Ligand SMILES: [Fe+2]
Ligand SMILES: [Fe+2]
């Protein structure tokens, strides 16, 4: 079962942000599923690296829009993005043995919960601000 599934309720009203969120959710689900299926470490590590890189790209895209439109809550929003990146970095310590898989799964569950909450609260607030500025 996927950790998280995008639905219209998650829309922040800005297409390119929604598209990013859909991709990021898919990447988190895919990497977590590969742990559960005990895929090769090499494959798994690549998925984790890709997911983190995509998250960083997505966060900078949002942060560029914040700069561009002088978003008043940009500092606190950016701090939340940093939290995700720092937490996701703990996936670098994944071990190869079977009994060590619980820890990364726990981390992915945390990241999925974080993302759900971040989209529904923090990004929606930012989306509403952008819509107000006439951005689609
Ligand atoms: Fe976002
Ligand atoms: Fe965000």
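Only the coordinates and a few stated rules stand behind these numbers; no lab work does. Nothing here was measured: the structure is a model prediction, and the numbers come from that model. All Cβ positions, glycine included, derive from the backbone under ideal geometry; neighbour counts span all protein chains shown.
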Quick numbers on the range 59-136, Rg and Dmax over C-alpha atoms in Å, give 15.9, 52
Measuring from the longest principal axis of the C-alpha atoms of the chain, the long axis of helix 102-117 (C-alpha) lies at a number of degrees, nearest 10, equal to 10 degrees
Quick calc: nm separation of the 7 Å Cα→Cβ label points for residue 30 and residue 1 -> 2.3 nm
Here the relative contact order (percent) of the chain, from C-alpha pairs under 8 Å and at least 6 apart, is 40 percent
For the chain, the longest principal axis of the Cα atoms and the Cα long axis of helix 74-89 enclose an angle in degrees, to the nearest 10, of 10 degrees
Residue separation between residue 19 and residue 120 times 0.36 nm, minus their alpha-carbon distance, gives in nm 34.9 nm
In nm, the gap between the two label points placed 7 Å beyond Cα toward Cβ at residue 60 and residue 45 is 2.4 nm
Of the convex hull drawn through the C-alpha atoms of the chain, the volume per residue in Å³ is 89 Å³
Nearest 10, in degrees from 0 to 90: the angle of helix 15-36 to the longest Cα principal axis of the chain is 10 degrees
Site residue 93, offset 7 angstrom along Cα→Cβ, radius 18 Å on amide nitrogen, limited to the range 109-136, gives 109-111
Residue span residue 131 to residue 37: 0.36 nm per residue of separation minus Cα-Cα distance leaves a gain in nm of 29.7 nm
Checking rank on 6-17, 45-56, with mean other Cβ inside 10 Å and highest first, the result is 45-56, 6-17
Least to most buried among 34, 90, by other C-beta atoms within 10 Å and fewest first, runs 90, 34
